[in-house]
Amino acid sequence: MLQKNAIITLDITGMTQEGFGVGRCDDMVVFVRSAAVGDKVEALILKVNKTYAWAKISKILVPSPDRSEDLGCAVAGRCGGCTFRHITYEAEVRAKVQRVKDALVRIGKQDSNIEAHKVCPAYGPDGVSAMVDYRNKAIYPVTKDKNGQIKMGFYSTGSHNVVDADSCGIQNPLINQCMRTFKAYASMWDVSVYDENTGKGLLRGIYIRTSTTGQVMLTVILNTTSPEALGKIRGAQNWLQGMVGYMTAQMPEIVSVYANWHTKRDNVMMGTSVTLLWGQATIREKIMGVDFDISPLAFLQINPVQTEKLYGIACEYAMDGGDVGSNILDLYCGTGTIGLCLASQLGDKGVQIIGVDTVKQAIQDAEHNAKLNNMTNCRYICGTAEAAALDLANQGMRAHTCIIDPPRHGCGPEIVEAMAKLAPDRIVYVSCKPETLARDIQLLETIGYKMDKYSVVDMFPRTGHVETVASLSREKADDCAEKPKMISEERSKYKSWSNLKKQMNDLLCDSLKDKISYFYTNYHEVHNAYGRATINYCKKEMVAFSWVEMYKQEQEVSQLYSEGKKVSYGEMEMKKWMPECKLCDADFINSLTIYLKTDIATALHSENYLLRVFAYMDRRVGKRTLVKIKDEVEKLPEWVKQFYRLRCEADGIVFPPKRITDETVASLVFGV
């Protein structure tokens with residue numbers, strides 16, 4: 001049993017995204033800071049939990065071929081920013097590519113043989129390394145040491161202790177210069193610095209942005225609510241005005257100075273309100289030949305060289321096959337960067353880009369950037385991605401392609417529901433966290449999408465973060481033809497209808513989703529006393545469907561039976577309803593999932609025709625068994641038989657005999 005302060009010998013066989021080497025001792029996982037795969041080390045145990053322990057290197061016995069002794073940073077190992085400075089860049093890229101693959105296989109349940117379509121290390125177009133001086137923004141907390149001297153830098157790992165640093169090797173040199181200049185000014189004044197423990201003190205930090213055009217934007221983060229509140233703090237206005245004059249005189253690259261008002265006592269570095277103190281409102285950035293004006297709170301990728309690679313792949317995937325349709329939906333659009341770059345690539349093809357974001361300022365920036373580039377085919381909606389997508393779907397909009405670039409926590413089930421209703425042919429998913437990407441891909445698979453390919457872009461060299469672009473397309477009927485058609489062999493696990501519903505409510509979890517694809521037969525007829533649907537899945541076409549006509553027939557047949565006359569439904573003329581309506585297996589599986597969360601009364605009046613099919617099929621089960629009119633039960637489509645059988649077994653009802661006559665139907669359904 002491992003104990004704290006013990007020294008053990010470890011072979012390092014893996015690595016976490018935080019840069020910890022992974023070894024095993026006494027059936028326990030041991031995480032060793034700054035260890036590399038291939039190292040043999042003596043490790044000092046720092047902390048022991050039930051199944052894992054933390055350690056640090058006491059001595060390197062055999063160094064890994066991937067180990068790099070040139071850390072290239074004075075505060076490496078203390079600052080919480082870079083996690084891979086102890087290994088070569090080639091090893092870092094391999095680790096990131098493997099992390100993405102592991103997530104897709106382990107969480108996303110993708111084939112273990114998948115490989116990245118493209119891997120984009122941080123090298124510029126001329127082949128020169130772009131893994132240094134690349135960051136175009138930085139936030140520096142400000143504090144004081146025990147001697148009252150100003151400290152500025154970054155937090156150490158797992159704490160809010162500021163590691164004082166005059167420069168950072170991955171920041172744009174203009175950011176380092178701006179930080180040192182501000183630090184010099186702050187040191188001249190006896191300005192009060194924010195104290196996390198008390199919540200008092202004026203100066204919380206600074207936020208610096210740069211652009212490839214050489215412009216700098218400086219934002220000072222202050223612990224007060226507004227310019228008016230600042231005016232009530234003695235000496236604060238003079239300090240702030242002096243800072244603006246000093247900074248702009250020392251650095252002519254500064255074109256914009258803001259104040260950010262932030263009084264919340266939390267871990268968020270900036271507030272949501274800013275005031276322009278001096279200069280222009282935005283700085284200009286250029287990506288893939290498109291101009292963007294960036295405001296202080298607008299999102300923008302931090303690595304200009306890698307951003308062009310990332311967006312280039314996203315555009316390539318969106319245009320894959322040539323047909324992009326008439327509408328492209330850009331969810332989590334921010335300032336409109338991906339959508340506008342795609343619009344620039346498409347040119348004048350009559351394609352409308354619809355961007356959605358929750359941040360009002362971001363939407364205003366996107367609208368401004370569209371006008372800046374004379375792009376009239378772009379419009380923007382301020383709202384949540386899922387609400388906007390559902391609203392557009394309810395309006396009847398058809399989006400061939402949907403681009404999703406969510407925050408680190410990903411999309412979740414809400415977006416999956418929206419995608420099911422919007423039903424784009426292609427989804428391009430841009431992700432900054434492989435684990436949430438993999439989770440969302442698995443969710444999207446439940447509504448008929450599959451991942452075609454993915455690419456890895458090292459947007460954040462020397463850190464543990466990585467960007468991924470995945471292309472997903474709706475499964476075609478031909479692709480589904482070989483899938484199993486019934487639960488059959490596993491049905492015993494789901495004898496209870498409530499258990500089956502629970503599994504479906506979990507959006508078709510792994511153990512069940514491959515066992516319920518029995519609806520993939522080529523030709524289906526869904527019948528009951530209230531409706532008929534004839535569906536050809538190979539052509540993705542609903543051949544015929546009618547509720548009203550069948551209802552009329554039901555009334556007529558019921559009347560004829562009551563008069564002692566015997567007729568069959570085959571003698572009644574059927575009208576085709578919505579013959580051009582398109583249908584694919586994704587519609588079916590999504591409708592079934594929604595139906596199992598919906599009461600029958602609501603489903604009966606749903607606009608979703610399949611919900612009505614399920615509702616009418618299910619309506620009388622538990623009282624009387626629904627049957628396919630006139631024909632033998634064994635000739636029913638397999639998924640219909642299975643639906644009936646499961647419902648009947650759950651309610652203890654004997655499945656109907658093979659031969660069903662019109663008289664039986666009349667007695668069961670019409671009660672005559």
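The values are calculated or read from the model by the stated rules, or taken from the named source; none is laboratory data. Small disclaimer: the values here were computed from a predicted structure and weren't measured. Cβ sites come from the backbone with ideal geometry, for glycine too, and all protein chains shown count toward neighbours. Keep in mind that these areas ignore ligands, DNA and RNA; they rest on the heavy atoms of the full protein, side chains included. Shrake-Rupley method; radii C 1.70, N 1.55, O 1.52, S 1.80 Å.
It is to be established whether one or more residues within region 302-313 are part of a loop (DSSP other than H, G, I, E, B) and either of a type in the set (A, V, I, L, M) or in contact with a strand residue (DSSP E or B) (Cβ under 9 Å, 6 or more places away or on another chain) (or both). Yes. On the given criteria, is C178 within 30 Å of G77 (Cα to Cα), touching a strand residue (DSSP E or B) at 6+ places or on another chain (Cβ under 8 Å) and modelled with pLDDT of 95 or more? So C178 passes the test. For region 244-287, the set of residues classified as open to solvent by 70 Å² or more (accessible area, probe 1.4 Å) and part of a helix (DSSP H, G or I) consists of A249, Q250, listed by residue number.
Condition check ((1) among the hydrophobic types (A, V, I, L, M, F, W, C); (2) assigned to a loop (DSSP other than H, G, I, E, B); (3) open to solvent by 30 Å² or more (accessible area, probe 1.4 Å)) across all residues:
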position	(1), (2), (3)
K101	no, no, yes
D111	no, yes, yes
P125	no, yes, yes
V142	yes, no, no
K146	no, yes, yes
K151	no, no, yes
S167	no, yes, yes
I175	yes, no, no
C178	yes, no, no
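Residues that are free of Cβ contacts under 8 Å to residues at least 40 places away in the same chain and either under 30 Å from R78 (Cα atoms) or open to solvent by 10 Å² or more (accessible area, probe 1.4 Å) (or both) number at least 3 in the following strands (runs of 3 or more DSSP E) confined to region 361-473: 378-382. With respect to being modelled with pLDDT of 80 or more and charged (D, E, K, R), R78 falls outside the description.
Against the numbered list (1) open to solvent by 30 Å² or more (accessible area, probe 1.4 Å); (2) under 30 Å from the mean Cα position of the chain (by Cα), N136 comes up short only at (1).
Exactly one residue out of G312, G355 is touching a Phe, Trp or Tyr at 6+ places or on another chain (Cβ under 9 Å), closer than 27 Å to T212 by Cβ and either open to solvent by less than 10 Å² (accessible area, probe 1.4 Å) or touching a residue at least 12 places away in the same chain (Cβ under 8 Å) (or both), and it is G355.
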